[in-house]
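Heads up, the thing below is written out as structure tokens.
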Amino acid sequence: MTVTKRLPKMPSHAFHFLPFLFSVLLVISVTTPRAAASSRCAVDDGTYSTTPLVSFLQRLQSEALKTRGPNSFDPKLYVDLPLKKDLNLTEAAFWKLPRVNGIIPANYLHRFLEDYFGDAGEDLVYTEPEDFVPEPERFLPQVSNPKVRAWALEVHSLWKNLSRRVSDNVKNHPERHTLLPLPEPVIIPGSRFREVYYWDSYWIVRGLLVSKMYDTAKAIVNNLVWLVDSYGHVLNGARVYYANRSQPPLLSSMVMEICTRTGDLEFVRKSLPALIKEYAFWNSGIHKVTIQDLHGNKHSLSRYYARWNKPRPESATIDEEAASKFLNDSDKEAFFREVASTAETGWDFSSRWMSNSYDLSTLSTTSIIPVDLNTYLYKAELDIAFFAQKLGDSKTYKKFLEASNARQFAMRSIFWNAEMNQWLDYWIRSDDCEDVHQFDARNQNDRIFASNFIPIWNWGLTSGLGENSVIVERIYESFLKSGLLQPAGIATSLVNNGQQWDFPNGWSPLQHIIIQGLSNSRSKASYGLAQDIAVRWIRTNYAAYNTTGAMHEKYDVDGCGKVGGGGEYKPQTGFGWSNGVLLALLEQFGWPSDRDIECSS
């Protein structure tokens with residue numbers, strides 16, 4: 001299959017340390033055969049092995065689909081079920097169940113589930129956060145509109161609803177649970193997400209800090225540090241079946257936010273070894289990619305790459321169906337790796353990772369060096385350097401400051417496109433199996449995604465272009481012309497293909513990062529735009545809350561008050577990161593008494 005992409009051609013002088021220009025766009029043909037693009041190159045990926053419990057629950061999931069049918073079927077439910085009895089007894093009873101034409105009758109399956117399993121999620125039990133109060137002292141002092149204030153207090157109260165601790169049963173019988181025995185209380189996102197998730201936790205922490213729940217915020221970080229100590233990285237989520245991948249690395253940012261609010265250097269000291277260990281995970285082995293630019297400079301950048309080549313247990317029936325079009329096992333394994341790697345990005349799923357925007361089987365995530373991942377790692381380098389300096393560790397400070405300078409140079413050389421005034425993901429050719437890849441400007445992906453502007457989170461620092469007012473203005477204008485800004489917020493992409501990380505969905509983390517970047521640019525126009533986007537986002541959250549009585553994981557930015565859709569599961573409520581972003585935006589921008597909160601006509 002041949003997909004035509006429009007990419008910019010870059011002249012040889014484009015990589016000077018000072019601002020630079022690119023030439024005109026040209027049309028090229030990029031051939032990426034299905035999902036097997038990166039699988040042609042032999043990679044020692046250290047693929048994880050599954051556990052006996054997960055293997056059995058995945059089989060149960062498959063059999064339950066046959067019995068119950070696809071309508072309203074959520075495969076994740078079955079791999080979250082805790083066992084009441086040992087696995088060998090449960091398996092023996094399962095194989096004795098009667099089958100009619102290979103299908104377990106519904107009444108027998110129902111009784112089996114009742115006899116041998118607890119309810120999904122019951123191994124996380126409710127716990128009252130010790131630092132929660134109904135209205136914290138000096139809570140959102142700039143929010144004077146009574147409607148908005150009352151609503152903000154309701155959202156603040158949702159931390160109680162989402163607060164859990166791991167039950168003693170998990171610690172006493174870990175072999176009966178896919179849930180991991182996190183040592184401290186947790187905040188879950190909500191709905192089907194019955195466990196801690198990595199990058200969700202950053203915006204949950206941001207919201208908790210607004211709510212003055214500092215101990216709860218620290219507990220979240222301590223749990224993630226426990227995962228790093230146990231597995232070498234923060235898992236996608238706190239389940240055994242998530243051990244094969246991570247998620248966008250924002251642990252250092254959580255520590256930084258807590259440190260900034262509390263000044264607790266002892267907390268920083270305890271967290272720093274885990275931050276350094278996690279950083280090594282993202283900057284070695286399969287995650288590390290080296291590219292040589294046109295001047296001969298070699299740059300190390302990072303990519304997403306799950307250590308998994310089988311169906312994701314939490315979505316196995318879905319993945320198996322999606323892979324049914326592949327004719328041989330090697331192509332299926334390559335596809336499964338791409339699916340799991342896309343889940344590691346947090347953007348599961350999006351046309352951003354596909355060579356054909358409308359065909360999920362063309363996922364090529366492991367062949368893409370992403371702008372946002374390297375932005376997060378650049379910030380991690382700066383954070384770790386800052387912490388090391390505060391703690392008097394000059395050797396670590398110098399090492400990570402140098403690493404941040406190198407990544408800044410790499411991002412400017414590989415991602416920055418001076419014609420578009422955006423940072424673009426870079427695609428590695430499917431047949432390029434060299435240890436060092438040669439840069440080709442035609443491999444920049446010039447399609448429009450919100451991720452093209454994620455580096456403004458660190459603004460001039462990430463770009464290496466400084467806070468030059470001309471550059472700031474160009475990026476500001478580029479964003480305005482991009483088409484991403486919609487009536488209710490920032491769209492994730494311009495492609496409407498039914499995937500949840502595409503148009504018309506907007507997601508809280510992307511809104512917050514770009515709003516923060518615009519507001520920190522020292523440009524009056526950019527700050528005004530940041531405030532405008534915040535107002536749009538807050539209004540749509542409020543309208544949807546009034547209509548549905550809930551906060552949602554995503555919103556349709558095409559109109560105020562519309563809930564997002566698409567993807568492989570039903571839209572979820574709760575919702576951790578939406579709550580956190582709302583509170584953070586209200587803290588930053590406030591809401592005056594004379595500003596209407598209702599959707600504009």
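The values are calculated or read from the model by the stated rules, or taken from the named source; none is laboratory data. None of the values given here were measured: they were computed from a predicted structure. Reconstructed Cβ throughout: ideal geometry from the backbone, glycine too, with neighbour counts over all protein chains shown. Each accessible area value is taken on the protein alone, full model and side chains, heavy atoms only, with ligands, DNA and RNA left out. Shrake-Rupley method; radii C 1.70, N 1.55, O 1.52, S 1.80 Å.
Points to keep in mind about this one:
- Scanning the stretch 432-443 turns up no residue that is within 22 Å of the chain's Cα centre (by Cα), open to solvent by 40 Å² or more (accessible area, probe 1.4 Å), farther than 19 Å from H287 by Cα and basic (K, R).
- F335, sole failed condition from (1) free of Cβ contacts under 8 Å to residues at least 12 places away in the same chain; (2) crowded, with 24+ Cβ neighbours inside 10 Å: (1)
- Counting only helices (runs of 4 or more DSSP H) that sit completely within the stretch 200-309, those holding 2 or more residues that are hydroxyl-bearing (S, T, Y) and open to solvent by 10 Å² or more (accessible area, probe 1.4 Å) correspond to 214-231, 251-262.
- Scan of the stretch 310-344 for residues that are part of a loop (DSSP other than H, G, I, E, B) and either among the hydroxyl-bearing types (S, T, Y) or within 13 Å of T362 (Cα to Cα) (or both), ordered by number: F326
- Residue tally, condition among the small types (G, A, S) and either at pLDDT 95 or above or more than 21 Å from N405 (Cα to Cα) (or both), over the stretch 451-486: 5
- Those residues of the stretch 54-103 which are assigned to a helix (DSSP H, G or I) and small (G, A, S), in sequence order: S55, S62, A64, A92, A93
- Of all residue pairs spaced 6 or more apart or on separate chains, those with beta-carbon atoms under 7 Å, a first member in the stretch 301-326 that is within 17 Å of A243 (Cα to Cα) and of a type in the set (D, E) and a second member that is outside any helix (DSSP H, G or I) and open to solvent by less than 50 Å² (accessible area, probe 1.4 Å) are E314/P75.
- Pairs with Cβ under 7 Å, 6+ apart, first in the stretch 190-211 and farther than 23 Å from D372 by Cβ, second assigned to a helix (DSSP H, G or I) and polar (S, T, N, Q): L208/T216
- The stretch 277-299, subset among the aliphatic types (A, V, I, L, M) and within 20 Å of the chain's Cα centre (by Cα), residue farthest from E344 (Cα to Cα): A280
- Some residue of the stretch 365-380 being within 19 Å of K298 (Cα to Cα) and charged (D, E, K, R): no
- Residue within the stretch 390-402 that is open to solvent by 10 Å² or more (accessible area, probe 1.4 Å) and in contact with a Gly (Cβ under 6 Å, 6 or more places away or on another chain) present: no
- Scan of the stretch 192-223 for residues that are among the aliphatic types (A, V, I, L, M) and under 25 Å from E338 (Cα atoms), ordered by number: V196
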